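Data block below; observations after.
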Amino acid sequence: MALKMVKGSIDRMFDKNLQDLVRGIRNHKEDEAKYISQCIDEIKQELKQDNIAVKANAVCKLTYLQMLGYDISWAAFNIIEVMSASKFTFKRIGYLAASQSFHEGTDVIMLTTNQIRKDLSSPSQYDTGVALTGLSCFVTPDLARDLANDIMTLMSHTKPYIRKKAVLIMYKVFLKYPESLRPAFPRLKEKLEDPDPGVQSAAVNVICELARRNPKNYLSLAPLFFKLMTSSTNNWVLIKIIKLFGALTPLEPRLGKKLIEPLTNLIHSTSAMSLLYECVNTVIAVLISLSSGMPNHSASIQLCVQKLRILIEDSDQNLKYLGLLAMSKILKTHPKSVQSHKDLILQCLDDKDESIRLRALDLLYGMVSKKNLMEIVKKLMTHVDKAEGTTYRDELLTKIIDICSQSNYQYITNFEWYISILVELTRLEGTRHGHLIAAQMLDVAIRVKAIRKFAVSQMSALLDSAHLLASSTQRNGICEVLYAAAWICGEFSEHLQEPHHTLEAMLRPRVTTLPGHIQAVYVQNVVKLYASILQQKEQAGEAEGAQAVTQLMVDRLPQFVQSADLEVQERASCILQLVKHIQKLQAKDVPVAEEVSALFAGELNPVAPKAQKKVPVPEGLDLDAWINEPLSDSESEDERPRAVFHEEEQRRPKHRPSEADEEELARRREARKQEQANNPFYIKSSPSPQKRYQDTPGVEHIPVVQIDLSVPLKVPGLPMSDQYVKLEEERRHRQKLEKDKRRKKRKEKEKKGKRRHSSLPTESDEDIAPAQQVDIVTEEMPENALPSDEDDKDPNDPYRALDIDLDKPLADSEKLPIQKHRNTETSKSPEKDVPMVEKKSKKPKKKEKKHKEKERDKEKRKEKEKKAEDLDFWLSTTPPPAPAPAPVPSTGELSVNTVTTPKDECEDAKTEAQGEEDDAEGQDQDKKSPKPKKKKHRKEKEERTKGKKKSKKQPPGSEEAAGEPVQNGAPEEEQLPPESSYSLLAENSYVKMTCDIRGSLQEDSQVTVAIVLENRSSSILKGMELSVLDSLNARMARPQGSSVHDGVPVPFQLPPGVSNEAQYVFTIQSIVMAQKLKGTLSFIAKNDEGATHEKLDFRLHFSCSSYLITTPCYSDAFAKLLESGDLSMSSVKVDGIRMSFQNLLAKICFHHHFSVVERVDSCASMYSRSIQGHHVCLLVKKGENSVSVDGKCSDSTLLSNLLEEMKATLAKC
Amino acid sequence: MIKAILIFNNHGKPQLSKFYQPYSEDTQQQIIRETFHLVSKRDENVCNFLEGGLLIGGSDNKLIYRHYATLYFVFCVDSSESELGILDLIQVFVETLDKCFENVCELDLIFHVDKVHNILAEMVMGGMVLETNMNEIVTQIDAQNKLEKSEAGLAGAPARAVSAVKNMNLPEIPRNINIGDISIKVPNLPSFK
């Protein structure tokens, strides 16, 4: 044996090991690939051998090759073999290879589950450690689910080395298997206070990582972290915690207030720059969260800014960079305090380090004002000229545009200047942001009306210049600007100085080298231009000139018709035909200009980018609903339309239109026209709508931001933006002088008059009047658009799944799956053969659970409240409430009483309120989930009866009597015999069925039948199915797709002695008559001896009373109803009644769903309503030994049937 | 979270790559190339942070690197990591390597990439910082090496001998690319534990 081993290792000596491989590769620099493929062949041979050492060596080499970019997924199985080696040396090699090459797509990964579990529970801590490390890299959802429990146990391992690894890997497990978060969280929280600092740090790490994604769920941990922050000395932990607080403060401003002091202390005391920096960062976050409410933190801001300035001035570039980064965060909320460091930031723009320059650029964004915008942009423009790399230059370009266009061009006082800046930017070679400039040009030209004339002149110059055409090869290059230029010249052609010249520029042959989408715009706008030229010529009476232009079009357009781009080709050929037609008309001396320009009449309004999304869904429109129900072959579906027709016939008379129909229609037509005219989105059919927009009142709706006056400047040709800076300065100077003059005058006046405080003559932003009268048209949004911006959320965010409330206590169902030894029996067969015992033990649990759940609900709520209170308490800065004052000796007992009673009351009220909440919640749930419905319904029912009892002023104690038979014969009049509304449906030795039928007002012509099934046998009842034979009038609502003859399954099984309720909905067409439906309950009764198939027939009796719904009615409404005279009348009399009148009425109320309107002595009026809206009024009179009932109802048949039923009930009394 | 850790030399040749997010081999090589391209053109006296690096993901990510003699150590991290903290972690990593290899040089990393991986595994696990205390890391590494030796036992002896002989054949191995003695200015975290 030993010999064999030695032999094996001697063989191995001559195998290549990793070092040999590396050496070999270094020695074969010329034919590296060939050498490696040779090595891979060798490795394949080695992997075939049995010796695990050889295999491990091979896998080790493969890991190296993987780093060089070779795919080693083919060796996945061999890697697993090496992972499962018993020696740590090999195991480690295997796990390393797996961590480098395995991913979720690796199919053999599922084979590792058991091996990893074995290693996790290995007695050697390093086996466990290596498995954890490996797993952290390749954990999949399956592995996470299967191993979560094992890892969780490791979190309490005796060795801190394992504990910290187990804690860290939990984060990966949570990501892959979010269900594990809640069960594992309590233990994770424990680890925050682990004695080992490494484990503690790991736990902080994991929770910070979790909290960063979903901070609100971790707010309740804030006190704990606060404690850690003030006690820990580990800078890593401190940094993590402080970063976490930075994420939490936006959610809880009070937390921020509490944090400021300890953080400020840390800032002053720490010598570690990293900690200082994070503290500053978090203080900034706090200040941002407080910025709305608390203005008096200027000291903290000053401290931050001051510390940051020190960082920025440091010679260490890293600190400089970070200082600028943090500064940009302050900028958002406290721009003023940053602006004072403008010098420093502008200085950073000249730094040799690009990262720092970029950061400084970011800062500039927030530092501009109306006053300094031109100056800053000028500086940036010089940087653009100097910049070397295109990336940095592009960055500069986007920044310039960002800075200028921010908050709706807030800081631009002179748009001519801006346009010329944009034009200057077009001279950049090789930029990738041509489209950005183009978009700005379009935006400004469309929204700033006053600038159009200037813009058009600039754009036509651009179209004319050759340099842009030259660069047309690059996609998104600068030639994109021509897109904007062409469109602006076309759309606003009325402002063109020399339209003919521009037209020719646009029809040059070189244009065809431009990208297709730009050519398409050219073609379209050439026509606009043409139309306006035509109009000019015709107005001037130059018929020849007009024809010459047409000829030019006819000559040049064919070059576009030949374009390879479909869009260009299509537009060009279409327009060519049009122009040819115009040519013909012109030849006949027909004036055409009017009609041609009508093609492009009207003005475009800017529409907000999200406008379409924001159009609110009209009320009643359900986009998810079927327009046509999907076809189904079942009869039940066929019957539905009949019900619809039936209803329609009922309703039609009401809707019959009046005779004055024609007038009404005409009026509506007019109104619609009016509406269309005002609707900018509606394409009008009127023949010449030219400039009609301006006339219609609709234009006034476009929101316009007014900026006031001054004289527009005119700079001919392509101006340099610098000119504007000078001009602007002059202008401002002039303004200032004027202002000063005015001020002086005023002062003089003031001197004469009363003394008033005049403000110092400082020049603020507001003082600078813009150079032009500018209307910035804001973008249109649909009316009543929703302001929410929730559409930015990414639904595929993997961290979303971890948005889990962690404060709720764990439910029983929330357990990590525990791998058990496989039970041969269970594995063999599904549910059916599960031994009885197990079932038995399971079932009652369910019942218990229901109960438990309710209680837990309450507990949960309480606990949550408590938690919230805890946090609130911790956050509140006020000292804890002082203990109740000691009772004054003289009134000792009294005071104790007064102290305690209110408390009790309070608690009572609290629990009651909770109960109510419970119910409310229950009802809410009702609507959502079908499952808990049954429970709740029953509860409601109980409550209803309870409520009734209460209203009858029942003495206490009757509740206990509930359930006892009636014949206790209590002489007391007020005593109400307790009853159940459930009537026996059918029973046999196995099962007893009782049912109750209830209508609901929401769904007319539907009733709910609640059937309680009670198992009376010792067998378990399963596979229960209810089949009911529908009649023409009444149908059972079945799940979609099942036919009339199919049974409807009962959604539960019944262990012995257990009862449960199932509910079924029936649709009734006519409710005026009672009816019966035959049905059968089939089920399998299973006991130790075997299973039998059983049946129980029943008849479902829909009485007319079951269609009535208890509806309260006031006596005056009741009187009105009786007076109205639409009700037919009928009466009935029953003799031999000895029951008290009170009980009698209660019986009618209970069984027939009536409510008492008024009661005088032995006479009472009662009211009820049917599910289809029939009113039923009763007058019940009690004689000596008899009762007479007079009824009035909107349907006589219903009434007579109801009275018959009532008679039967009364006869029993 | 740390997204990736890369070590490559001045020529862009990778000496170690550890990705904490799955990428295909091709993408990995691309990322290494791109990162090298970004990092190598930077001057010595500029900051050690770098934004961009399009391949490895969004704007949240940063490259934090240090350049020691012939080697670049690059960590790609997201915003949950402290920039200065990671710079320090790189320092701890290099110092640990120096301790474990006894005056580490580039060749140590070239020939013993597996060992470097093992050391790294004691510091960073699944993209999260596991341990920052150098003594603790070295203790664990030593214990594992001891375990390895005891496992090799008798059978391992001949292999070690052969390996020693093989190494002796290589007089050209220059051991002068020493990075252990380069004094690095550590501006932060003196109280690191």
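The values are calculated or read from the model by the stated rules, or taken from the named source; none is laboratory data. Given the structure is predicted, the values throughout are model-derived calculations rather than measurements. We place every Cβ from the backbone using ideal geometry, glycine too, and count neighbours over all the protein chains shown. Side chains included, ligands, DNA and RNA excluded: accessible areas come from the protein's heavy atoms. Shrake-Rupley method; radii C 1.70, N 1.55, O 1.52, S 1.80 Å.
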Inset, instruction - Being away from every other protein chain (no Cβ under 14 Å) and under 22 Å from B:Ser59 (Cβ atoms) is the filter; apply it to region A:309-337 and report the residue that is modelled with the highest pLDDT. - result: A:Met327
Inset, instruction - Answer yes if at least one residue in region A:533-554 is open to solvent by less than 20 Å² (accessible area, probe 1.4 Å) and farther than 19 Å from A:Leu496 by Cβ, and no otherwise. - result: no
Legend entry - Which numbered condition B:Ser40 misses (of (1) facing another protein chain (nearest Cβ under 10 Å); (2) open to solvent by 20 Å² or more (accessible area, probe 1.4 Å); (3) over 12 Å from the mean Cα position of the chain (by Cα)): (1)
Inset, instruction - Please enumerate the residues belonging to region A:1116-1145 that are farther than 20 Å from A:Glu1158 by Cα, out of contact with any helix residue (DSSP H, G or I) (no Cβ under 7 Å at 6 or more places or on another chain) and open to solvent by less than 50 Å² (accessible area, probe 1.4 Å). - result: A:Gly1136
Inset, instruction - Tell me the helices (runs of 4 or more DSSP H) entirely within region A:65-141 that contain at least 3 residues that are more than 17 Å from B:Val116 (Cα to Cα). - result: A:76-83, A:113-120, A:125-138
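On the basis of being surrounded by 16 or more Cβ atoms within 10 Å (Cβ to Cβ), among the β-branched types (Val, Ile, Thr) and without any contact (Cβ under 8 Å) to a residue 60 or more places away in the chain, does A:Val1156 make the cut?
Values: surrounded by 16 or more Cβ atoms within 10 Å (Cβ to Cβ): yes; among the β-branched types (Val, Ile, Thr): yes; without any contact (Cβ under 8 Å) to a residue 60 or more places away in the chain: yes.
Taking the combined requirement at face value, the residue satisfies it.
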Legend entry - Boolean, A:Ser156 is more than 10 Å from chain B (Cβ to nearest Cβ) and not in a helix (DSSP H, G or I): yes
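Out of B:Glu34, B:Glu51, which single residue is closer than 19 Å to A:Lys352 by Cβ and either modelled with pLDDT of 90 or more or open to solvent by 10 Å² or more (accessible area, probe 1.4 Å) (or both)? It would help to see each step written out before you state the result.
On the way: B:Glu34 fails: closer than 19 Å to A:Lys352 by Cβ.
Just one listed residue meets the conditions, B:Glu51.
Table: residues versus (1) in the same structural domain as A:Ala184 (by the TED database); (2) over 29 Å from the mean Cα position of the chain (by Cα); (3) in contact (Cβ under 8 Å) with a residue 40 or more places away in the chain.
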position	(1), (2), (3)
A:Tyr218	no, no, yes
A:Ala222	no, no, yes
A:Glu252	no, no, yes
A:Gly256	no, no, no
A:Ile260	no, yes, yes
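To keep it simple, each residue is scored yes or no on (1) assigned to a loop (DSSP other than H, G, I, E, B); (2) closer than 27 Å to A:Cys208 by Cα.
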position	(1), (2)
B:Glu81	yes, yes
B:Leu84	no, yes
B:Glu95	no, no
B:Asn118	no, yes
Inset, instruction - Working carefully through the options B:Asn103, B:Asn135, B:Asn61, find the one that is among the polar types (S, T, N, Q) and modelled with pLDDT of 90 or more. - result: B:Asn135
Inset, instruction - Test each condition in (1) at the interface with chain A (Cβ under 10 Å from one of its Cβ atoms); (2) over 24 Å from A:Cys348 (Cα atoms); (3) in contact (Cβ under 8 Å) with a residue 12 or more places away in the chain for B:Lys13 and report the one that comes out false. - result: (3)
Inset, instruction - Only residues in region A:1185-1208 that are farther than 23 Å from A:Gln1172 by Cα and in the same structural domain as A:Ser1155 (by the TED database) count as the first member; pair them with residues that are open to solvent by less than 40 Å² (accessible area, probe 1.4 Å) and of a type in the set (S, T, N, Q), Cβ under 7 angstrom, at least 6 apart or cross-chain, and list the lot. - result: none
Legend entry - Residues of region B:74-124 that turn out to be facing chain A (nearest Cβ under 7 Å), surrounded by 22 or more Cβ atoms within 10 Å (Cβ to Cβ) and touching an Asp or Glu at 6+ places or on another chain (Cβ under 9 Å), as a count: 3
Legend entry - Which numbered condition A:Pro1039 misses (of (1) in a loop (DSSP other than H, G, I, E, B); (2) touching a strand residue (DSSP E or B) at 6+ places or on another chain (Cβ under 6 Å)): (2)
Inset, instruction - Give the residue, chosen from A:Val561, A:Val568, A:Val579, A:Val592, that is open to solvent by less than 80 Å² (accessible area, probe 1.4 Å) and more than 23 Å from A:Pro509 (Cα to Cα). - result: A:Val592
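Test of understanding: among A:Ala387, A:Ala299, A:Ala360, which residue is within 14 Å of another protein chain (Cβ to nearest Cβ) and either at negative phi or touching a Lys or Arg at 6+ places or on another chain (Cβ under 7 Å) (or both)?
On inspection, the qualifying residue turns out to be A:Ala360.
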Inset, instruction - Looking at (1) at pLDDT below 55; (2) exposed (fewer than 14 other Cβ atoms within 10 Å of the Cβ); (3) of a type outside the set (S, T, N, Q), find the lone condition where A:Met13 falls short. - result: (2)
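One line per residue, one yes/no per condition, for (1) closer than 30 Å to B:Lys13 by Cα; (2) open to solvent by less than 10 Å² (accessible area, probe 1.4 Å); (3) within 9 Å of chain B (Cβ to nearest Cβ):
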position: A:Ala58; (1), (2), (3): yes, yes, no
position: A:Tyr64; (1), (2), (3): yes, no, yes
position: A:Ile80; (1), (2), (3): yes, no, no
position: A:Arg92; (1), (2), (3): yes, no, yes
position: A:Ser101; (1), (2), (3): yes, no, yes
Inset, instruction - Go through (1) farther than 24 Å from A:Leu631 by Cβ; (2) over 41 Å from the mean Cα position of the chain (by Cα); (3) in a loop (DSSP other than H, G, I, E, B); (4) without any contact (Cβ under 8 Å) to a residue 60 or more places away in the chain one by one and return the number of the condition A:Val1012 breaks. - result: (3)
